[in-house]
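Q: Next up is a structure, given as structure tokens.
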Amino acid sequence: MSLPPGFLDELRNRTSLTQVVGRKVMWDNRKSNQGKGDMWAPCPFHHEKTASFHVDDRKGFYHCFGCQASGDAIKFVRETENVGFMEAIEILAQEAGMEVPKQDPKAQQKADRRTQLAEVMEQAVQFFRLELKRGPAAEARAYLAKRGLGQGALDRFEIGFAPPGWENLREHLVQKGVDPELMLACGLVKKSDKGRAPYDVFRNRIMFPIRDARGRAIAFGGRAMDPDDNAKYLNSPETELFDKSRNLYNMREARAASGKGQRLIVAEGYMDVIALSEAGFPASVAPLGTAVTEPQMQLMWRMSDEPVIALDGDKAGLRAAYRVIDLALPLLEAGKGLRFAIMPEGKDPDDLLRAEGPEAVAKVLDEAIPMVALLWRQETEGRVFDSPERKAALDKQLRARIARIADPFLRRHYGDEIKELRYQLFRPQRGGFQGGYQKGGFQKGPRRDWKAPPPPTATAKASLLASGDETAEERLREAVILAALVTCPEVAVEFDEQLDSMRCRDPDHAALRDVILRAIGRESDLRDMAEGAIGPEALEMLLSARHVAVVPCIRNPGNAAQTRLTVAEEFAKLEAHLGWQAELTEATEDMEDLADEALTWRLAEAAKARAQAGRLKDEDDAEYVIGANGAQVDRAEKNALDSLLSQIRFDKGQG
């Protein structure tokens, strides 16, 4: 079956090879560089322990240095799914949201026609470039020189000039034997409403050729030299070659520069892109006369995981940025984001370059803020939150915005960041409160004398929980989970999702967690991988720590059933502890504004869940006695408490 011209190019543009291959391999995070699309893994086509399978996401190509397998996304799907060419196309097209065209017997004719149109566009590029050197273009040349563009820049970006007059380009192409119908199909001329011959679309304008990812001229952008012209910038209409929502200005050159490590900059217009590129920022692109579209966003993320949106420092620039946020929220994925560089007020990147040089632009780009910060600014700037109603309205709006993020883990991180920004906004406004509420507001009462607590005993000081910070319990439970899985790695696959979402407070814990996840499927290598990640001494310290060594499955390594119960119980306790902390933090903030029965009920339920998670598995079999207050008390816990109290009284008597 013949596919329409350009379909496979579009499919490859929309497909991330890293995502396609990632379903079949486990990436080697130490060797891979996700930011550059440079990924390594053990080869899925032959058995190996080392990561010799390389994926270059920017080029859309894979190669194994062991078995020499290589190809693109289509070939990978064919080989791994054991399907034919068209079946692989259908699989990838469905994932990319594209519909595979039905069989077209005229596909070759269409391919030939697109080739013809591209040739006509190239002739137009050459015509405009020659016209820039002629007499009528003197004013245009002066303008370009004033903007700091030398001959080198004019040649690199193939800048030209459409002379005044209604038929200059048309007559030139007719002399070259070009059919006027092809000129119409290219968007170079328009039909006359008065029955005359077609006339030139671009007149008295500086011309900027627009090329696709393959380097073909597909359209033009023209800047008017007449200040009274209705359109300062005019783009080609959409044609068989040109879909403005799926292309970017300077895309081919920017993709190559981004692949070499340059950060991708998204500017507003052609002149900004040219100025940035000439100043040492070659990975610069611009949308084509419209706001950024979803396909353009995906193109940017194919080139860079975190493009920088360079904004003009005015209200219009901010409005454009806010539109980008609205577009990007539903499309966000882990590792795919945006940053925003806001130029000084009243300046665009070109203005800043000419006024202060590349160093000033680099400084603004280095200070680019993440999207969540600009989202917060959009919702809070210029507003006053001096009442519960206004604060509640802000919370409601922010929840609605964040809810548009499809990825639940990313949505949670956005929520955490927003909560921290909210805390910083409202917390300084809350003064200390002592006394009670009287008519006219809260009144200060007399200060109470405060006595420092007695110093801790040596036994208390030795406690890991007491000597740690508020995250100590988390770190202790994380250590038990990781140690248990290191001693019995075949159980890890049952807890892969919980492990992946576990926020490790200790860097060694984080490294060990990643190693355990990577070792799923090759458990025999885990010990060596763990020692390589954190060092043999650190691993031995973890396994011999007092709070770890006493765990039954650590004392009896390899017992899968015991390990499974231990890890499940520790995850439950950890989740309950984190839930309790979250409720307590939020309730503390709410308590200062309004305390009610619902709030105390929430705290009670969270405490109950935490206590329930902390129970031993055989607690229902425990012996109970009646305490002094009439409540049931675990006999073992009561005996331990009585012993502790006796010791305290003895120490006090000795003192």
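Q: Considering only residues that are in a strand (DSSP E or B) and not hydroxyl-bearing (S, T, Y), look in region 270-288 and name the one that is nearest to W301 (Cα to Cα).
A: Taking the candidates together, the pick is V285.
Q: Tally time: how many residues in region 51-67 are under 9 Å from W40 (Cα atoms) and aromatic (F, W, Y)?
A: 1
Q: Output the number of residues of region 373-431 satisfying the condition of being within 15 Å of the chain's Cα centre (by Cα) and part of a helix (DSSP H, G or I).
A: The total comes to 13.
Q: Hey, G261 hits all of (1) farther than 30 Å from L182 by Cα; (2) touching a Gly at 6+ places or on another chain (Cβ under 8 Å); (3) of a type outside the set (A, V, I, L, M) but one; which does it fall short on?
A: Unmet for G261, out of (1) farther than 30 Å from L182 by Cα; (2) touching a Gly at 6+ places or on another chain (Cβ under 8 Å); (3) of a type outside the set (A, V, I, L, M): (2).
Q: Among the helices (runs of 4 or more DSSP H) lying completely within region 97-198, list those that include at least 1 residues that are touching a strand residue (DSSP E or B) at 6+ places or on another chain (Cβ under 7 Å) and closer than 17 Å to I210 by Cα. Spell out how you get there, then give the answer.
A: On the way: elements: 107-131, 138-146, 151-156, 168-175, 180-186.
Once the helices (runs of 4 or more DSSP H) in region 97-198 are filtered for at least 1 residues that are touching a strand residue (DSSP E or B) at 6+ places or on another chain (Cβ under 7 Å) and closer than 17 Å to I210 by Cα, what remains is 107-131, 180-186.
Q: Continuing with the same structure: If I go through region 1-54 residue by residue, how many of them are hydroxyl-bearing (S, T, Y), modelled with pLDDT of 85 or more and more than 30 Å from Q296 (Cβ to Cβ)?
A: Counting residues in region 1-54 that are hydroxyl-bearing (S, T, Y), modelled with pLDDT of 85 or more and more than 30 Å from Q296 (Cβ to Cβ) gives 1.
Q: Within region 252-269, restricting attention to residues that are part of a helix (DSSP H, G or I) and buried (at least 23 other Cβ atoms within 10 Å of the Cβ), which residue is modelled with the highest pLDDT?
A: In this case the residue turns out to be A254.
Q: Assigned to a helix (DSSP H, G or I), in contact with an Asp or Glu (Cβ under 6 Å, 6 or more places away or on another chain), modelled with pLDDT under 65 and within 30 Å of A392 (Cβ to Cβ), is that true of A606?
A: Yes.
Q: Does any residue of region 27-39 turn out to be over 28 Å from L517 (Cα atoms) and in contact with a Lys or Arg (Cβ under 9 Å, 6 or more places away or on another chain)?
A: no
Quick grid of which residues meet (1) at pLDDT 90 or above; (2) at negative phi; (3) hydrophobic (A, V, I, L, M, F, W, C):
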{"residue": "T380", "(1), (2), (3)": "yes, yes, no"}
{"residue": "D395", "(1), (2), (3)": "yes, yes, no"}
{"residue": "I402", "(1), (2), (3)": "yes, yes, yes"}
{"residue": "P408", "(1), (2), (3)": "no, yes, no"}
{"residue": "G415", "(1), (2), (3)": "yes, yes, no"}
{"residue": "I418", "(1), (2), (3)": "yes, yes, yes"}
{"residue": "P454", "(1), (2), (3)": "no, yes, no"}
{"residue": "A466", "(1), (2), (3)": "no, yes, yes"}
{"residue": "D469", "(1), (2), (3)": "no, yes, no"}
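Q: List the residue pairs whose Cβ atoms are under 8 Å apart, where the first residue sits in region 234-257 and is assigned by TED's automatic domain parsing to the domain that holds R216, the second is modelled with pLDDT of 95 or more and among the basic types (K, R), and the two are 6 or more positions apart or on different chains.
A: L234/R205
Q: Mind checking whether some residue in region 309-320 is surrounded by 19 or more Cβ atoms within 10 Å (Cβ to Cβ) and among the β-branched types (V, I, T)?
A: Looking for residues that are surrounded by 19 or more Cβ atoms within 10 Å (Cβ to Cβ) and among the β-branched types (V, I, T), one finds at least one in region 309-320, hence yes.
Q: Check whether at least one residue in region 169-189 is in the same structural domain as R114 (by TED's automatic domain parsing), more than 17 Å from Q116 (Cα to Cα) and touching a Ser or Thr at 6+ places or on another chain (Cβ under 9 Å), and report yes or no.
A: no
Q: If you take the residues in region 40-58 that are of a type outside the set (K, R) and under 14 Å from G521 (Cα atoms), which one is surrounded by the most Cβ atoms within 10 Å (Cβ to Cβ)?
A: Going through region 40-58, the residues of a type outside the set (K, R) turn out to be 40-48, 50-57.
Retained after the next criterion (residues that are under 14 Å from G521 (Cα atoms)): 41-44, 47-48, 50.
Working: A41: 24, P42: 21, C43: 21, P44: 19, H47: 9, E48: 15, T50: 12.
Going through the qualifying residues, I end up with A41.
Q: A follow-up question, please. Among the residues of region 410-417, is any of a type in the set (K, R) and not assigned by TED's automatic domain parsing to the domain that holds G280?
A: Yes.
Q: Something else about it: Name the single residue, out of those in region 542-574 being outside any helix (DSSP H, G or I) and small (G, A, S), that is surrounded by the most Cβ atoms within 10 Å (Cβ to Cβ).
A: So the residue we want is A545.
Q: Give the residues of region 326-349 that are over 16 Å from A360 (Cα atoms) and not in a helix (DSSP H, G or I), sorted by residue number.
A: Restricting attention to region 326-349, the residues satisfying the condition of being over 16 Å from A360 (Cα atoms) are 326-339.
Scanning region 326-349 gives L332, E333, A334, G335, K336, G337, L338, R339.
Q: Still on this model: Which members of region 23-60 meet the condition of being under 17 Å from the mean Cα position of the chain (by Cα) and of a type in the set (G, A, S)?
A: Answer for region 23-60, where residues must be under 17 Å from the mean Cα position of the chain (by Cα) and of a type in the set (G, A, S): G35, G37.
Q: Got a sec? Which strands (runs of 3 or more DSSP E) wholly within region 1-74 have at least 2 residues that are in contact (Cβ under 8 Å) with a residue 40 or more places away in the chain?
A: Of the strands (runs of 3 or more DSSP E) lying wholly inside region 1-74, those with at least 2 residues that are in contact (Cβ under 8 Å) with a residue 40 or more places away in the chain span 61-64.
Q: Here is a follow-up. Would you mention how many residues in region 520-539 are part of a loop (DSSP other than H, G, I, E, B) and either touching a Lys or Arg at 6+ places or on another chain (Cβ under 9 Å) or β-branched (V, I, T) (or both)?
A: Step one: list which residues in region 520-539 are part of a loop (DSSP other than H, G, I, E, B), which gives 520-522, 535.
Next, only the ones that are either touching a Lys or Arg at 6+ places or on another chain (Cβ under 9 Å) or β-branched (V, I, T) (or both) stay: 520, 522.
Residues in region 520-539 being part of a loop (DSSP other than H, G, I, E, B) and either touching a Lys or Arg at 6+ places or on another chain (Cβ under 9 Å) or β-branched (V, I, T) (or both): 2 in total.
The values are calculated or read from the model by the stated rules, or taken from the named source; none is laboratory data. Predicted model only: the values in this text are computed from it and were never measured. Glycine gets a Cβ as well: all are built from the backbone with ideal geometry, and neighbour counts include every protein chain shown.
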